[in-house]
Amino acid sequence: MNEFRKNLVFTWRYSKKQKSRIIAFVFCSFLHIVISVIVPIISAKIIINFTSNQLNQVLWMGLVLFIIELFRNLINYLCNYFSQVIYRETFTDLQLNLGKEILSLTNSCLDHNSSGVFIQRLTNDTSKISDIFNLLSFNLIDVLTDIGIFGAIFIINRFLFFYVIVMVIIIGIIEKRRVSIRTEKDKEFRRENEKVSGFVGELVRGVRDIKMLSAEESFLRNLNERLLGLNAKRYEMSKVQRSYYFISGSLRDFFDFSMICILVYFISQQKFTIALALVIYNYMRGITYIVNSYSYLLEGIKDFNLSCNRIFEIIDGKDFPKEKFGKTHLDSVEGNFEFSRVSFGYSSDDLILKDLSFKIKANSTVAFVGKSGAGKSTIFNLLCKMYEVNSGNIFIDGENILSLDRESIRDNITIISQNPYIFNLSIRDNLRLVKEDVTDEEMIDACQVACLDEFINSLPEKYDTIVGEGGISLSGGQRQRLAIARALIQKTEIILFDEATSALDNETQTQIQKAIDNMKESYTILIIAHRLSTIINCDRILYLEDGKIVAEGTHKELLEKSLEYRKLYQAEIEK
Ligand code: ADP
């Protein structure tokens, strides 16, 4: 119960905006309970009057009952209305806040968790938490209102009342046990479900590659194995349910039969008329609903607690660490960088960058070259503070990156990756993402600098062309140039450009090169170069090997002093 109370307090954070509706809901629920307690008691009185032939009284009571029932319907309607609105608003608020928490997780944490972990918690768990008002409204009301039936049986016969109480306690204990075993199984099921939904997400995102690789069969086999695992968990859960339903069902049947025997005995002793015995028997069946409502309530509370705990895990940050930023704000960034004795590894026992030091001046264009896996992209990740260094320091305009706030870093640095993500929106809306009030002029200017304007104007819908999920209707080069235009509109001072490894056609390559040349001297541009021919004119080139800078200088200088660089360049021009 303590856990439930704590979780209700947590949910309250997201539903307190609905305070007046919640008060109205609780009030209506209270009225509902009162009415539902009164109704069976009045009915019992009517029955007793019936059996003693006081028909006038029966008519009056029947009329009162009718009016009360009408009122109950109205209250029921209001309860439904309030609980649905509260659900909707709480759900939205909770999802939005959880989304915010997920966006603030560290990249290492995101690397180590499947997307299913977040998708499931963001959709299913938030829904279960928000459903607590529905759960309380229907099952708690049912449990409490059925107290009226107990009252009615109590009025009619004390012995039967105690009999019913014993029955409810015994079945209640069994149901409690069932629910707690089921919750444990459900915990495992949800964990497995996260893995499967993460895999399904990957399958959907990678469907084109799967087809290209002709790997449908092995993917389906993999999916089948996971689904079998998931179904096994589901089966275990339903096995527990089945066994316990069998036991409690048989017990209910036993109590049912015993009740018939007791009623027959009372009739034979002329303590009950047959009519009264039938009504009592009917009540007895009503009691079964109490037990059902009680177990649904118990199950719902356990589900609610489980979902709250799963969401707490993300919010409290113990297993899901959050990004940390400093407080220093830079109003404008010039673009000077320094790496001072930086060591870093994605896992603590495998260093990717080793005691790395270099400085970059604002508005210069610097390229990083080296074999794949040398650590070039890792440098970019650290510059954007996607990860934190193990040791050493990174400075931006002389300020340690650890002391800078989020905006000073992220609003001033853009990474243009090899395959930038373009959203399934129009070109205009993709550009608007970084600046909502961007004017047509700014947009056209940026696209001209990015050498994309001509292409956009050749499209029938021009800037209103929808580009498909992930920008699927654009070529790799066009996606990169759209990302460049996005960075230009965002007016970030520092642009980190990860050149595409895939061989772009010469014209596309020339256009991207032209776009970068257009930006030179106004921006600090760092390029990860996969083709040396594209970086000949850079102010500086850093040659990286195994996380260390082994040579640096201009293209000309490196040709003279670095054997490795010379070999690399010659290999490229001989291709
Ligand atoms: P480059 O850009 O020079 O090709 P990277 O910086 O991408 O090299 O990668 C350097 C090393 O770090 C590689 O061995 C790569 O496998 C590893 N690596 C890159 N990203 C991650 C990550 N998110 N988690 C774990 N290891 C990573």
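The values are calculated or read from the model by the stated rules, or taken from the named source; none is laboratory data. For clarity, every value in this text was computed on a predicted model and none was experimentally measured. Methodologically, a virtual Cβ is constructed for each residue, glycine included, from the backbone with ideal geometry; neighbour enumeration extends over all protein chains shown. Only protein heavy atoms, including side chains, enter the accessible area calculation; ligands, DNA and RNA are left aside. Shrake-Rupley method; radii C 1.70, N 1.55, O 1.52, S 1.80 Å.
When the residues D319, D411, D397 are ordered by accessible surface, computed with a 1.4 Å probe over the protein chains alone, the sequence from largest down reads D319, D411, D397.
With R₀ fixed at 60 Å, the C-beta to C-beta distance from K491 to K195 puts the FRET efficiency at about 0.90.
Here the sum of -39500 (n - 2.57) over DSSP H runs of 4 or more residues, divided by the residues of the chain, equals -21000 deg cm²/dmol at 222 nm, to the nearest 500. Of all aspartates and glutamates in the structure, the ones whose alpha carbon falls short of 13 Å from that of K354, not counting any fewer than 8 places away in one chain, are E545, D546.
Let me have the relative contact order for the chain, percent, based on Cα pairs under 8 Å that are six or more residues apart.
Working: 740 pairs, mean separation 79.6, N = 575.
Here the relative contact order equals 14 percent.
The simple Förster model, with R0 at 41 Å and r as the Cβ-Cβ distance, assigns I68 and N2 a FRET efficiency of 0.65. With both labels modelled 7 Å from their Cα along Cα-to-Cβ, the D445 to D546 distance reads 4.9 nm.
Gain on full extension, evaluated as 0.36 nm per residue between E202 and L55 minus their Cα-Cα distance, stands at 45.7 nm. The alpha carbon gyration tensor of the stretch 417-500 gives principal lengths a ≥ b ≥ c with a/c below 1.5, which makes the shape rounded. With both labels modelled 7 Å from their Cα along Cα-to-Cβ, the E388 to I169 distance reads 5.6 nm. Exposure check, 1.4 Å probe, all protein chains in place: S108 carries approximately 40 Å² of accessible surface. Multiplying the residue separation of E217 and K100 by 0.36 nm and removing their Cα-Cα distance gives an extension gain of 38.4 nm.
Determine the alpha carbon to alpha carbon distance for each of K324/K359; K371/K556; K100/K322; K385/K556; K514/K561 and list only those over 22 Å.
Working: K324/K359 24 Å; K371/K556 20 Å; K100/K322 11 Å; K385/K556 33 Å; K514/K561 29 Å.
Result: K324/K359; K385/K556; K514/K561 exceed 22 Å.
Given a Förster distance of 60 angstrom, what is the FRET efficiency for S115 paired with R158, based on the Cβ-Cβ distance and rounded to 0.05? Can you show the working numbers first?
Working: r = 61 Å, r/R0 = 1.01.
Calculated transfer efficiency: 0.50.
Listed by chain and number, the aspartates and glutamates placed with their C-alpha closer than 16 angstrom to that of K361 are E334, E338, D397, E399, E493, E521, D539, E552; residues fewer than eight positions away on the same chain are left out. Per-residue extension of 0.36 nm, minus the Cα-Cα distance of F30 and K520, leaves a gain of 169.3 nm for this segment.
Accessible area of L144 (1.4 Å probe, protein heavy atoms only, ligands and nucleic acids ignored): about 60 Å². Both numbers refer to the Cα atoms of the stretch 435-481; Rg and Dmax are 10.8, 27 Å. Identify the residues of the stretch 510-526 with backbone N under 11 Å of a label point that sits 7 angstrom from the Cα of S475 along the Cα-to-Cβ direction, or state none. Residues passing the 11 Å test: 510-512.
Accessible surface for M61 stands near 50 Å², nearest 10, in the context of the full protein assembly shown (1.4 Å probe). If you wrap the stretch 337-573 in the convex hull of its Cα atoms and look at it from every side, the mean projected area works out to 13.1 nm².
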